[in-house]
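The values are calculated or read from the model by the stated rules, or taken from the named source; none is laboratory data. Just so we're clear, the structure is a prediction, and the values are computed from it rather than from any experiment. Neighbour counts run over all protein chains shown; Cβ positions are idealised from the backbone, glycine included. Just the protein is used for accessible areas: all its heavy atoms, side chains included, with ligands, DNA and RNA removed. Shrake-Rupley method; radii C 1.70, N 1.55, O 1.52, S 1.80 Å.
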Amino acid sequence: MSKPTYYITTPIYYSSGKLHIGHCYTTVICDAIARFKRMDGFDVFYLTGTDEHGQKVQQKAEAAGVTPKQYVDALHEQIVNLWNVLNISYDKFIRTTDEYHEKAVQKIYEKLLASGDIYKSSYEGWYCTPCESFWTESQLVDGKCPDCGREVKLQKEESYFFRLSKYQDRLIEFYEQNPDFISPKSRMNEMINNFIKPGLKDLCISRTTFDWGVKLPFDPKHVAYVWVDALANYITALGYLQEDHSLYDKFWPADLHMVGKEIVRFHTIIWPALLMALGLPMPKKVYGHGWVLFGSDKMSKSKGNVVDPVLLADRYGADVVRYYLLREIPFGSDGNYTNEALLVRTNADLVNDLGNLVSRTTAMVTQYFGGNIPRPNDYDDRDRELISLCEGALCKVRADMEALSAPDALSDIFKIIQRANKYIDETMPWALNKSGDKDRLATVMYVLCECIRFASTLLLPFVPATAQRIFAKLGLDVPTDFSGLARFGGIAEGTTVNKGDNLFNRIDVDKELKELDKLATEQTEEKEEQTEQITIEDFAKVKLVTAKVVDCQKVAKSDKLLALKLQVGDQVRQVVSGIAQYYTPEYLVGKTVVLVANLKPAKIRGVESNGMILCASDGKNVVFVTPEKETASGKEVR
Ligand code: ME8
């Protein structure tokens, strides 16, 4: 009989920067789920990859003086290396620059055009380059991108549109019929209330302002919108619209798209609508997990709070990082990362509970039975308590994983480990040895070894390298499924243990914290040194001049924008600035400001803006820059 299939995906990662420990969260969770399902009898396909197109990549490559392809090749290598370090067992790694993917995306666009789901028009909206997302004015938060809080630009261009609005009712109907499609439940309400109910607008799905993307076959000056290109990976990786589509036939629809909460919108609105337009089945579930926070911020490269997972894995082992992410971050909500919590958690669970149980047990089997696991005699009530804990564990852990809760699964597995440690204290094998009660001592040793076998079989999906080492210590083959958990008593008499090194060494938390701080500072300093430098000629391209505010008005229907009339020498020009929340128009009139005079004119909210005034911001407040002494307007600032 063929096995049931299970198709699980991570998002494909932006190859525009180094990945941090927050990114590892999605991949590590999916890895634990994929490994669990494989052992639980499923034919699993675990997909991950890199999202390599888009304006951001093109800009970064230009700044680095390399081609976009060279740029993404280097980052792709780093990402693959990170997944190797963390022991990620993906079945396929897709790159959106892979030729088969690009061709399939082109075919998808052709199909959508043929079905009338795409039309040509022009687009004006606020674009956030880092997030590759268009926003309407009302979606902006304080005039900035609602996802990442960064500056957005008003852009207008000829574009192709996808008739997303057409799918509004079908989407709602689909959610109603599939209440578990979006998990956790709170995210479903968020999607319906924040995005669907206000009304879906057609989606701009092509760009002409840059060319690092999949060219539209019917209009090659357009490239595909990166999100359509990226979302399509989930089917192109399986061979959709390709000669060999056997994987697609076997694995689609996906059982689980695991994504961070900020991209649930793309996966639960745009992606299902695209699939509806293509006439394809819907994925079964999209799970929007929370963020790994650092302080109260989402870890982000630009915020300088990045924790380097490679450094942590090199220092403590991949399983320490995996265990922490799987155990400590409450699934579905945000969780805080601190070095201290990582180290304390490692000492408590991996060193004390797991490490001690394995080293005490293997040491005692070595000391009392020459390293050969003895045959048990009659079990007493205490033994039976442990036996039933072990025999009931798979069922509990399976239910936890069904709910996708790795923290609960690990907590249930550790119940065996903790109970077994207590069992050592209660049965006092050293006293049994002293009193010569070898029969009872043999039973106690056997029960302990079996508990370790049960726990480490269940730990294989979560901390695979550690669990494998435990099997080596017990002298057992590493199981590939859970069949050995059906019955307590699977270890054959005489199996030879090998105590070897400790699984984990106790961490001196204070000392390590200082060490990690030092390493982080060194990394930051290195990064600062690497900050991109510009030449004096680059700087000379920016024309900065003093200007006097002669008039200032609020921009109609905007609580953020002011329109300032600036005297620059003998000219007056208008500049729109997003400082209405920080200054009143009256206060500004008469002040001298510094103007970027050669900025390309733009229309902001329909108001002509010729330049930009310089302001300083600490993230909360904004203050404009002004000369230290009274200076005439139109003077060059150097
Ligand atoms: O979003 N905590 O890629 P990405 C938890 N290319 N998860 C985090 C995190 C944090 N601090 N920071 C990032 C993209 N992630 C798109 C996806 S899919 C068709 C296209 C998670 O590299 C994030 O939530 O920005 C996402 O699930 C994954 O890392 C990749 O993010």
Q) Tally Lys and Arg at +1 and Asp and Glu at -1 over the other residues with C-beta under 12 Å from the C-beta of L238: what net charge comes out? A) -1
Q) Expressed as an acute angle from 0 to 90° and rounded to the nearest 10, what is the orientation of the C-alpha long axis of helix 381-402 relative to the principal long axis of the chain? A) 30 degrees
Q: Enter the angle in degrees (range 0 to 90, nearest 10) between the Cα long axis of helix 99-114 and the first principal axis of the Cα atoms of the chain, meaning the one along which they spread out most.
A: 60 degrees
**Q.** Positive dipole terminus of the chain, leading residue within V28, G49, Y119 (C-beta point charges)
**A.** Y119
Q: Write down the accessible area per residue of the chain in Å², having rolled a 1.4 Å probe over the full set of protein chains.
A: 44 Å²
Q. So for the chain, taking the charge dipole from beta-carbon charges (+1 Lys/Arg, -1 Asp/Glu), which of S333, F210, T361 sits furthest toward the positive end?
A. F210
Q.
Of V576, I604, T592, which is farthest towards the positive pole of the stretch 536-637's charge dipole, taken about the Cα centre with +1 and -1 on the beta-carbons of Lys, Arg and Asp, Glu respectively?
A. I604
Q. Can you give the calculated 222 nm mean residue ellipticity of the chain, where each DSSP H run of n ≥ 4 adds -39,500 (n - 2.57) and the sum is split over every residue, rounded to the nearest 500 deg cm²/dmol?
A. -12500 deg cm²/dmol
Q | Cβ-based net charge around L564, under 15 Å, with every Lys or Arg adding one and every Asp or Glu removing one | A | +4
Q | Cysteines, the chain, no other Cys beta-carbon under 4.7 Å | A | C24, C30, C148, C204, C390, C395, C449, C451, C552, C615
Q: Report the antiparallel proportion of the DSSP beta bridges in the chain as a percent, rounded to a multiple of 5.
A: 70 percent
Q.
Contact order normalised by length for the stretch 536-637, with contacts defined as Cα pairs under 8 Å and 6 or more residues apart; what percent is it?
A. 32 percent
Q. Taking a probe of 1.4 angstrom, what is the accessible area of S435 in Å², to the nearest 10?
A. 90 Å²
Q: Please work out how much accessible surface V397 shows to a 1.4 Å probe, ignoring ligands, DNA and RNA, in Å² rounded to 10.
A: 0 Å²
Q. Which percent of Cα-Cα pairs in the chain sits in each 10 Å bin, short to long?
A. 3, 13, 21, 21, 17, 12, 7, 4, 2, 0, 0
Q.
Compute, for the chain, the length of the dipole vector about the Cα centre, with Cβ point charges of +1 (Lys, Arg) and -1 (Asp, Glu) only. Units Debye, rounded to 20.
A. 1120 debye
Q. About its Cα centre, how strong a charge dipole does the stretch 106-177 have in debye, to the nearest 20, once Lys and Arg get +1 and Asp and Glu get -1 at the Cβ?
A. 240 debye
Q. Using the Cβ atoms and a cut-off under 14 Å, what net charge is assigned to the surroundings of Y90, where Lys and Arg are +1 and Asp and Glu are -1?
A. +3
